[in-house]
Amino acid sequence: QVQLVESGGGLVQAGDSRRLSCAVSGNTFDVYYMAWFRQGPGKEREFVASIGRGTSNTYYVASVKGRFSISRYNAKNAVYLRMNSLKPEDTGVYYCAITTGVYATTIESANNWGQGAQVTVSS
């Protein structure tokens, strides 16, 4: 069973930046499509960003495009989410996941999840 562990969450002010990390167990990380999802208070879990097996193919939900950046470092079995210009509406639990493709943005397309990292953005 592949394990995913997120880190880097916390309380930030609006306009601040934060980087989330996700460590993935095993030795086949470079074949995974990876994504970040989030779940705000009282909201359904939603897709945020995804990255292909390399580092150049990425995809973002419109609300974070230009502010967030997903990246990966295959040698460290890690995927990152750099979040800039954070807004209160970005508050939520952020989950990394292994998915079936860069454009696989539904919850059902994710087959492994981390435990989540809480990000709270105060105004």
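The values are calculated or read from the model by the stated rules, or taken from the named source; none is laboratory data. The structure presented is a predicted model; accordingly, all values stated were derived computationally and were not measured. Backbone-built Cβ (ideal geometry, glycine too); neighbour counts: all protein chains shown. Please note that ligands, DNA and RNA were not included when accessible areas were found on the heavy atoms of the full protein model with its side chains. Shrake-Rupley method; radii C 1.70, N 1.55, O 1.52, S 1.80 Å.
Some observations on this one:
- Taking amide H as placed 1.01 Å from N in the peptide plane, Asp16 has its amide H under 5 Å from the amide H of Leu86, each at least 5 places away in sequence or on another chain.
- Approximate spin-label separation Ser71-Thr120, in nm, with each point projected 7 Å along Cα-to-Cβ: 2.9 nm
- For the set Lys65, Lys43, Lys87, solvent exposure ranked by accessible area (probe 1.4 Å, protein chains only) runs largest to smallest as Lys65, Lys43, Lys87.
- The figure for Thr105 is an accessible area of roughly 50 square angstrom, using a 1.4 Å probe on the protein chains alone.
- Dividing the mean sequence gap of close Cα pairs (under 8 Å, 6+ apart) by how many residues the chain holds gives a relative contact order of 36 percent.
- Carbon plus sulfur fraction of accessible area for the chain, probe 1.4 Å, in percent: 47 percent
- The distance from the alpha carbon centre of the range 7-24 to that of the range 26-51 is 15 Å, rounded to a whole number.
- Of Gly42, Gly54, Gly66, the one that fluctuates the most in a GNM where the chain has Cα springs shorter than 10 Å: Gly42
- Ranking Tyr73, Tyr80 by solvent-accessible area of protein heavy atoms (1.4 Å probe, all protein chains present), from largest to smallest, gives Tyr73, Tyr80.
- Estimated FRET transfer efficiency when R0 is 30 angstrom, pair Lys87-Ser7 (beta carbons, to 0.05): 0.85
- Amide H contacts under 5 Å for Asn112, placed H, 5+ residues apart: Ile98
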